[in-house]
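First comes the structure, then the notes that go with it.
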There are 2 protein chains.
Amino acid sequence: MTEPLFDTIAVIGLGLIGSSVARGVKSRGLARRLVGYDVSEEVRARSSELGFCDDVAATPEAAAAGADLIVVAVPVGATAKAVEAIATHLKEGAIVTEVGSVKAAVIRQVLAVLPAHASFVPGHPIAGTEHSGPDAGFAELFDGRWCILTPCERSTDEAVAKVTALWRGLGSAVEIMTPEHHDIVLAITSHIPHLIAYNIVGTASDLEQVTSSEVIKFSAGGFRDFTRIASSDPVMWRDVFLNNKQAVLEVLGRFTEDLAALQRMIRWDDGEALLELFTRTRAIRRGIIEAGQDTPEADFGRPHGHEE
Amino acid sequence: MTEPLFDTIAVIGLGLIGSSVARGVKSRGLARRLVGYDVSEEVRARSSELGFCDDVAATPEAAAAGADLIVVAVPVGATAKAVEAIATHLKEGAIVTEVGSVKAAVIRQVLAVLPAHASFVPGHPIAGTEHSGPDAGFAELFDGRWCILTPCERSTDEAVAKVTALWRGLGSAVEIMTPEHHDIVLAITSHIPHLIAYNIVGTASDLEQVTSSEVIKFSAGGFRDFTRIASSDPVMWRDVFLNNKQAVLEVLGRFTEDLAALQRMIRWDDGEALLELFTRTRAIRRGIIEAGQDTPEADFGRPHGHEE
């Protein structure tokens, strides 16, 4: 057994991501001790039952006191408040990190409340499921995935190295980029996909000509996959859109422009242009499968699979 | 063993759907004899190798001659041509059916070439995967799914009953509706989801600020699921959009209008409205799971699953 990376890790927020970090840290022996805290009394009680923390603290201050690394895993809009709550209880040299889907705005907010004796390493594991809460987490969530770190003026080299080691320990590859670049990359790979999934599910439920029961019955034609994405945690996603406004609106503008062009191709029967686009999009799919970020198994056929 | 429903079934087009029909008919004993044909010599050769037909004919005429039921399973834009090719070879009382994703336009085109001694039952199994070709098919594809039939002036009651029995035999539930209603239901549950999936993958590959390699690496945040849908057969989908133009443009108009409202909520920090929409969309997801049209298992975490 190698030496644990940390003496004590505190995880603030025990939802899907926080509880997965806690489970992964315990199962891989990355810390001697792991203390958890969640703002919801119900989540704290359930986390104690599930037993993935050495201790579930009653207050954020109690969780953070004595921790070498504090992982804040709450919706983006609550991150700075969570850091503020523990600020005066952080030990000398403590490292604060977080896992939010937005970086530039969160960094601004956190730096305003971070005490001088702590360092801060913003991070974002690109992993998740559409489920939420402490029951949804699992130790292997980050295995084979990417984690992006976006160091800021309060990230010491040592702190970045230690947070990098944590994510590698959880099975992820680590990539470093600027907060601004992160925010535009995630706008296209995650935020806009979620936005249009939420939007089409909304459009479907408002159509007068088609009943909800028909939408549900015949959802296997493609719609179903959007409802999966559109069932992700609403508070988390509200905060993402409010905090990554600029990049989201920029990429959304491009999406809308492209959609208008596509609409025009359909209106004017431009089969050639449609075929060109529909063929081109297959290449990215191949890249994703080759990079191990998805499996080639047929998916629309579920839940039956296609074992013959 | 009960009596087979049909003496001879011919399947024209041996891609994902056609080869799945053939496999299902054989494995469930729905016909005494099943003859296949595909316009591609390569697909014919591969289908012979795979052995899911009793015979792979060299011409559509040879496949259709003597068949009681002819299942045309080709892209929507090629359906009428396929029917025209076999028209003079159809036996007295033969039933022609097809499986296309668009109904009103296809019916118009087929009725113009259908001989007087045959009947025609337009159908659409709501099942599929993102893969294409004879290797992609499997006998259970239609099991637990819906098949929509849209009878027209050339659908006799007897023919509708026999095609209904075929789909029930393949494991599907059958729903009857008008061609026009089918086309609007499918526009929202299938065509627009595919259109916006193709569109966002196109937008992503054209963004200057984000490289393709970054899109691929960080696709696990949601984008990945769109690329799966956007890797469906390009010719099939070009034909769908060109032949269901009116319903697609109508629903696309609604989608765009709703997206503009969503964009406005983000621009003006209307967190309450965002939260309301993101919460509302969860209800449709629950309905789909309760109706057995998807499983509640977490999906973003693949390929690792979340077995603990």
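Would a scan of region B:37-58 turn up a residue that is in contact with a Cys (Cβ under 8 Å, 6 or more places away or on another chain) and in contact (Cβ under 8 Å) with a residue 12 or more places away in the chain?
Scanning region B:37-58 turns up at least one residue that is in contact with a Cys (Cβ under 8 Å, 6 or more places away or on another chain) and in contact (Cβ under 8 Å) with a residue 12 or more places away in the chain.
Among the residues of region B:172-192, write down those that are more than 8 Å from chain A (Cβ to nearest Cβ) and acidic (Asp, Glu).
Within region B:172-192, B:180, B:183 meet the criteria.
Let's see how each residue does on (1) aliphatic (A, V, I, L, M); (2) in a loop (DSSP other than H, G, I, E, B); (3) outside the structural domain of residue B:234 (by TED's automatic domain parsing):
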{"site": "B:29", "(1), (2), (3)": "no, yes, yes"}
{"site": "B:43", "(1), (2), (3)": "yes, no, yes"}
{"site": "B:47", "(1), (2), (3)": "no, no, yes"}
{"site": "B:63", "(1), (2), (3)": "yes, no, yes"}
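May I ask you to verify whether residue B:16 is among the hydrophobic types (A, V, I, L, M, F, W, C), in contact (Cβ under 8 Å) with a residue 40 or more places away in the chain and farther than 30 Å from residue B:186 by Cα?
no
Out of curiosity, is residue A:67 assigned to a loop (DSSP other than H, G, I, E, B), buried (at least 18 other Cβ atoms within 10 Å of the Cβ) and not assigned by TED's automatic domain parsing to the domain that holds residue A:248?
yes
Looking at A:116, A:85, A:105, which is the one that is in a loop (DSSP other than H, G, I, E, B) and assigned by TED's automatic domain parsing to the domain that holds residue A:30?
From the options A:116, A:85, A:105, the qualifying one is A:116.
Please determine, by comparing only the residues of region B:192-240 that are touching a helix residue (DSSP H, G or I) at 6+ places or on another chain (Cβ under 6 Å) and of a type in the set (Asp, Glu), which one is modelled with the highest pLDDT.
B:239
Of A:246, A:263, which residue is assigned to a helix (DSSP H, G or I) and farther than 18 Å from residue A:185 by Cα?
Just a single option satisfies the conditions, and that option is A:263.
Within the bounds of region B:199-210, is there any residue that is within 18 Å of the chain's Cα centre (by Cα), facing another protein chain (nearest Cβ under 7 Å) and of a type in the set (Ser, Thr, Tyr)?
No - not one qualifying residue is present in region B:199-210.
What number of residues in region B:265-300 are more than 26 Å from the chain's Cα centre (by Cα) and charged (D, E, K, R)?
Number satisfying all stated conditions: 6.
Taking the conditions exactly as written (facing another protein chain (nearest Cβ under 7 Å), under 30 Å from the mean Cα position of the chain (by Cα) and assigned to a helix (DSSP H, G or I)), does residue B:253 satisfy them or not?
No, not satisfied.
Are there any helices (runs of 4 or more DSSP H) wholly within region A:128-213 with 2 or more residues that are of a type in the set (Ser, Thr, Tyr), and if so which?
By residue number, A:192-206.
Do we have residue A:103 as under 13 Å from residue A:79 (Cα atoms), charged (D, E, K, R) and in contact (Cβ under 8 Å) with a residue 24 or more places away in the chain here?
Here the answer is yes, as residue A:103 does meet what is asked.
The values are calculated or read from the model by the stated rules, or taken from the named source; none is laboratory data. Remember, it's a predicted structure, so these values are computed and weren't measured experimentally. We place every Cβ from the backbone using ideal geometry, glycine too, and count neighbours over all the protein chains shown.
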